[in-house]
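Since every read-out is calculated from the coordinates, none of them should be taken as a lab result. Values in this document were obtained by computation on a predicted structure and should not be read as measured data. Positions of Cβ are backbone-derived with ideal geometry, glycine not excepted, and every protein chain shown enters the neighbour counts.
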Amino acid sequence: MPANATVLSVVVPMYNEADNVGEFYARVKIVLEQIGEPWEIVCVNDGSGDATLAQLVALHHADARVKVINFSRNFGKEIALTAGIDHACGQAVIPIDADLQDPPELIAELVAKWREGYDIVNATRRSRQGESWLKRATARVFYSVLENMADIPIPRNTGDFRLLARPAVDALKQLPERTRFMKGLFAWVGFKQAIVLYDRHPRHAGLTKWNYWRLWNFAIGGIVSFSTVPLKVWSYFGFGIATLAFLYALFLVSRTLLYGIELPGYASLMVAVLFMGGIQLITLGVLGEYLGRIYDETKRRPLYIVRDYYGIETDAD
Ligand code: UDP
Ligand code: MG
């Protein structure tokens, strides 16, 4: 290991963050200089259509500790984060958002906890400023559904902002799946975890890239990758329905035997048929969610394509 081996790696996914790059770098730099360990900032340009890349490259030329991975297109935040973590070389890796919603000043606290011997230090939101009522309500529902279904406990109100010690990073790098629900994966690897509370700020500039459709798919992805409950409930449900149907059939047969054939029954027939049809479509949809992901995984495509590296040593060279 070289003498000035990097200790802290800050990893930032960036998608159209040109208005935030300068401010972000300035604030993170102050914090890192105060901590006083050798550091790097690994920025992943996730196919931005604005001046993000130009700004990052300029920063890299001014300060070689800023390293840039430039994707060939937009791959999404989770994958950008994965690429940054793959290429970070610090003893501790700190994923953070570029929009300054995660206050860089908290990094000092994360590092202090790490020094106490924790492998993963989660930054958990005490409040969510600048987020609509609807977003907070849906987030709450999502976390409680996830909590009830997932096989492992995934901390609530914890985004991707946290500190990962090298052993946890190396474990994370072994997880090959494509549906990268990062907060689930961070929890899955285990290790000694601690929590630091903070207040989430509104975005510094620009707009969030998450609309409700994207969030919905993100939520489904999270549940599907960390739980097989949705697949399994249907057999119990089917069992329950079948039992009821059997009892009802007994009743109908006895009634027919006792009182003869009676014709009316259109309403109950329709209700039963439509209800069962609906249930079957739902189960097919659930199967589809899992099957689609199996299909995605089996294609074995690389997670991301990098167009350029700036300041990153790759295996190729
Ligand atoms: N981001 C990204 N690729 C995307 C969408 C977002 O790299 O396709 C980055 C974005 O630049 C920011 C972080 O992910 O640094 C969080 O995004 P955003 O602030 O839009 O999400 P929110 O804070 O609303 O959850
Ligand atoms: Mg944000």
| said: Run the count for the chain, please: Lys pairs, Cα-Cα under 22 angstrom, 8 or more apart or on different chains. | reply: 18
| said: Given N residues in the stretch 54-164, what is its alpha carbon radius of gyration divided by 2.2 N^0.38 Å? | reply: 1.24
| Quick one: putting +1 on the C-beta of Lys and Arg, -1 on the C-beta of Asp and Glu, what dipole do you get for the stretch 65-208 around its Cα centre, in Debye to the nearest 20? | 200 debye
| Volume per residue, Å³, of the convex hull around the alpha-carbon atoms of the stretch 173-255? | 227 Å³
| task | Give the share of C-alpha pairs in each 10 angstrom bin for the chain, from 0 to the last occupied bin, in whole percents, shortest bins first. | result | 5, 23, 29, 19, 9, 6, 5, 3, 1, 0
| field | Range of Cα positions in the stretch 128-221 per principal axis (Å), largest first | value | 37, 27, 22
| remark: Binned at 10 Å starting from 0, the alpha-carbon pair-distance distribution of the stretch 235-317 in whole percents comes out as 12, 24, 18, 13, 10, 9, 7, 4, 2
| field | Positive-end residue, the stretch 82-216 charge dipole about Cα centroid, Cβ charges, pick of ALA137, GLN193, MET149 | value | ALA137
| said: What whole-number distance in Å separates the alpha-carbon centres of the stretch 256-317 and the stretch 86-100? | reply: 35 Å
| request: Could you work out the Rg to Rh ratio of the stretch 133-185, with Rh taken as the Kirkwood radius (inverse of the mean 1/r over all Cα pairs)? | output: 1.02
| request: Report the label-to-label distance for ALA272 and VAL233 in nanometres (one decimal), using points 7 Å from each Cα along the Cα→Cβ vector. | output: 2.5 nm
| field | the stretch 87-209: relative contact order as a whole-number percent, Cα under 8 Å and 6+ apart | value | 47 percent
| query | Relative contact order of the stretch 1-123: what whole-number percent is it, with Cα pairs under 8 angstrom and at least 6 residues apart? | reply | 36 percent
| request: Could you calculate the contour length gain from LYS135 to THR243, that is, 0.36 nm times the residue separation minus the distance between their Cα atoms, to one decimal place in nm? | output: 34.8 nm
| query | Per residue of the chain, what 222 nm ellipticity follows from adding -39500 (n - 2.57) for every DSSP H run with n ≥ 4, rounded to the nearest 500? | reply | -16500 deg cm²/dmol
| Estimated FRET transfer efficiency when R0 is 41 angstrom, pair TRP210-ASP170 (beta carbons, to 0.05) | 0.90
| query | Considering the zone a paramagnetic label at MET149 would reach in this model (a point 7 Å from Cα along the Cα-to-Cβ line), which residues of the stretch 279-300 have amide N under 16 Å from it? | reply | 282-294
| message | Just to compare against my own numbers: the Cα pair-distance distribution for the stretch 7-62, 10 Å bins, whole % per bin, please. | response | 23, 55, 20, 2
| request: Could you work out the Rg to Rh ratio of the stretch 179-317, with Rh taken as the Kirkwood radius (inverse of the mean 1/r over all Cα pairs)? | output: 1.21
| For the chain, what is the relative contact order in percent, using Cα pairs closer than 8 Å and at least 6 residues apart in sequence? | 23 percent
| task | Would you mind checking the radius of gyration and Dmax of the stretch 90-136 based on alpha-carbon positions, in Å? | result | 12.9, 39
| note | Projected onto the charge dipole of the chain (unit charges on the beta-carbon of Lys, Arg, Asp and Glu, signs +1, +1, -1, -1), the Cα from TYR266, TRP210, VAL44 with the largest positive-side position is that of TYR266
| Any idea what the dipole of the chain comes to, in debye rounded to 20, about its Cα centre with Lys/Arg Cβ at +1 and Asp/Glu Cβ at -1? | 880 debye
| said: Under the rule that an exposed site lies in a DSSP loop and has at most 16 other Cβ atoms within 10 Å, name the longest stretch of the chain with no chymotrypsin sites (Phe, Trp or Tyr not before Pro) of that kind, not counting the sites themselves. | reply: 1-190
| query | Between ALA5 and VAL286, 0.36 nm times their residue separation minus their Cα-Cα distance comes to what? | reply | 96.4 nm
